[in-house]
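Visitor: Structure incoming, see below.
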Amino acid sequence: MKNKLLTLFVILVGLISFNWHSPSVQAATTIQNPSKVLVVYDSLNERNHRQEDVQTLSRMLMSMGQQVTMMSMSDYHAEMISKGHYQAVITMINWPGMKFDNPAFDRDRQQFNGKKLHIGPLMTADEKQNFPGNWQEINQQSFILKGQNNRYEQQVDFQRQIQLLDQVTGNEQALSQLVAANGTNQTYPFGIINGQNAYLPFFSSQGATLLSSIQLIAQWLGVHGSYVPYVDVRDFTPLSSFTATKEFIKNLDSFEGNMIITTTSTTQNTDTKTFKNYLKFLREMTRNNRAVVYLNVPALNGVDSSNDDTLMNMLTQEISTLIENKIFPLGISAPTYWNFDKYYQLNALNFGDATLLYNQVNNQDYHTQTSTAKAYQTMFFAIPHSALKNIKWNINGRYTDFTFPMPVTVDYHFPNSKAKAEKINREIKALPFAPMSQYLYQFNTGISTQTQNLRGKDGVISLNGTPVSEIDFHQIKQQTAGIRQNRDQTGHLTTKGIVDKISNVLIVIIVVTLIVLFGMLAIGRKLYLRMFKNRNLKRTKGAKKK
């Protein structure tokens, strides 16, 4: 009996532990069996402010549906390429003046039979052998970069040292050209693909260099989409300027396409007039699907990192509050580095199967850092609008026919004044890309919690399978009113609160029951031993009398 009770105790503890630690975010739709790409960079080069280039490259690859692993050259150890089962390896020289080297990486890369791309100078002899032709070392030169079919051009940054092939031969492909700006008009291929091998002489998160790099990398990886950019306006919050917001909404009426509005919500002071105005403005923006909402992750100074459930609970409440106020987020927006953190992946990015990532090179606060990012079903590559300035577009008509191979947005910050709202409106209307108005038909994206599944598909937004136009949201508010009262001491809604209270009661009952059972077992055992001793004693006395 004692063994049975011990077994029962172990089973109950296991069940309690499982219930206590179960994640409350449904798994997002990630790409099944994505191509695995390893990026090995020499340095972030923070001294020269080049860390953004490394982050931009990782975002670009993620938006192309790749599972990306980022690693500095100093962290690479022998056989990591073969053990990682990568389909592609990228060498990125981000600080050529330091001439970082890793013989183990050079050796493993040379033996690797998959796709290989070198970005920047300092190509090794074995890398150059993959490209037939004459290599030239060019120093102290300026160039004009012309895109494929001369769709765009721009004078690029002055190049102190650059390695270029004099021409493309054989089966090599070059999608863009560099034209010497010294009056000779000497042309060189910018970026070359030869079979599984590719080369980019330099990389930048800005301008024509970024556009040409996107085209070459996509071609090299075999990514063949065709996307016109959407406009995203980032960081609309309850504290955004009232007058700027009204001006922005007024201008939204004249915009022909869908915008993506990324909003940072809150779980505090949701009964104030400021928050109610915030909700009203969001409803106006999304009226007739003029804008699509993506929920931005909260500032980390508002998250208790010592409590593993706080971030998940906070986002769950924010999603619930938006839904019951007829605002339907269809994706998650976050800094790029969040996708290189297991905790943020699980407790934030996993809410949505669509993500919009942007660069944030400062104030990176990791929880559980990882070198490998997840490949989500839809990931927008946000290009800051400033990165497109000074590009000369060669256009026949109003808009360019240039398209991107992956989902892209032109990224703006939400204005903080009426004047800036007017400026953004002018800049958006001056973009060379045709306004896109088919988000709900082009993409199938959504957000899921344990109880709510939002989905935008085929022109319709649905909640738990029912079109939102058919739902009584007043009833939903009443149903969640009681839950919303269950908050922790910080004022954040604890979405597990009710479950936790029930669990605590059950645990107390189970523990008390087990104590009683073990007490009864101990008492029963003593009584049994006493009875056994009495019987033996009587038998012994009887035997002596005989």
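The values are calculated or read from the model by the stated rules, or taken from the named source; none is laboratory data. Predicted, not measured: the structure shown is a model, and the values here were computed from it. So basically every Cβ, Gly included, is an ideal-geometry build from the backbone, and we count neighbours across all protein chains shown.
Visitor: Confirm whether residue 184 is part of a loop (DSSP other than H, G, I, E, B) and without any contact (Cβ under 8 Å) to a residue 12 or more places away in the chain.
Guide: The answer is yes for residue 184.
Visitor: If you check residue 153 against the conditions, is it at pLDDT 95 or above, under 20 Å from residue 179 (Cβ atoms), touching a helix residue (DSSP H, G or I) at 6+ places or on another chain (Cβ under 9 Å) and assigned by TED's automatic domain parsing to the domain that holds residue 42?
Guide: yes
Visitor: Could you check region 85-125 and list, in sequence order, the residues that are loosely packed, with under 15 Cβ neighbours inside 10 Å and within 22 Å of residue 35 (Cβ to Cβ)?
Guide: 85, 110, 111, 113
Visitor: Give 494, 449, 490 a once-over and let me know the one that is modelled with pLDDT under 70, closer than 20 Å to residue 319 by Cβ and touching a helix residue (DSSP H, G or I) at 6+ places or on another chain (Cβ under 6 Å).
Guide: From the options 494, 449, 490, the qualifying one is 494.
Visitor: Still on this structure: Given (1) in a helix (DSSP H, G or I); (2) more than 21 Å from residue 156 (Cα to Cα), where does residue 209 come up short, assuming only one miss?
Guide: With (1) in a helix (DSSP H, G or I); (2) more than 21 Å from residue 156 (Cα to Cα) applied to residue 209, the lone miss is (2).
Visitor: I need the full set of residues from region 69-87 which are polar (S, T, N, Q) and in a loop (DSSP other than H, G, I, E, B), in order please.
Guide: 87, the sole residue that qualifies.
Visitor: Working only within region 436-451, note down all residues that are crowded, with 17+ Cβ neighbours inside 10 Å and either assigned by TED's automatic domain parsing to the domain that holds residue 63 or in contact with a strand residue (DSSP E or B) (Cβ under 8 Å, 6 or more places away or on another chain) (or both).
Guide: Answer for region 436-451, where residues must be crowded, with 17+ Cβ neighbours inside 10 Å and either assigned by TED's automatic domain parsing to the domain that holds residue 63 or in contact with a strand residue (DSSP E or B) (Cβ under 8 Å, 6 or more places away or on another chain) (or both): 436, 439, 440, 443, 445, 446, 447, 448.
Visitor: Right, next: Looking only at region 423-457, which residues are of a type in the set (Val, Ile, Thr) and closer than 29 Å to residue 30 by Cα?
Guide: Of everything in region 423-457, those that are of a type in the set (Val, Ile, Thr) and closer than 29 Å to residue 30 by Cα turn out to be 445, 447, 449, 451.
Visitor: Now for a separate question. Listed residues 178, 216; which is in a helix (DSSP H, G or I), at pLDDT 95 or above and either more than 26 Å from residue 386 (Cα to Cα) or assigned by TED's automatic domain parsing to the domain that holds residue 89 (or both)?
Guide: 216
Visitor: From the list 375, 382, which residue is within 20 Å of the chain's Cα centre (by Cα), of a type in the set (Gly, Ala, Ser) and under 30 Å from residue 325 (Cβ atoms)?
Guide: 382 is the lone residue from the list that is within 20 Å of the chain's Cα centre (by Cα), of a type in the set (Gly, Ala, Ser) and under 30 Å from residue 325 (Cβ atoms).
Visitor: Scan region 285-305 and report the pairs whose first residue is outside the structural domain of residue 235 (by TED's automatic domain parsing) and aromatic (Phe, Trp, Tyr) and whose second residue is at pLDDT below 95 and surrounded by fewer than 22 Cβ atoms within 10 Å (Cβ to Cβ), with Cβ atoms within less than 6 Å and a gap of 6+ or a chain change.
Guide: Between residues of region 285-305 that are outside the structural domain of residue 235 (by TED's automatic domain parsing) and aromatic (Phe, Trp, Tyr) and residues that are at pLDDT below 95 and surrounded by fewer than 22 Cβ atoms within 10 Å (Cβ to Cβ), there is no close pair.
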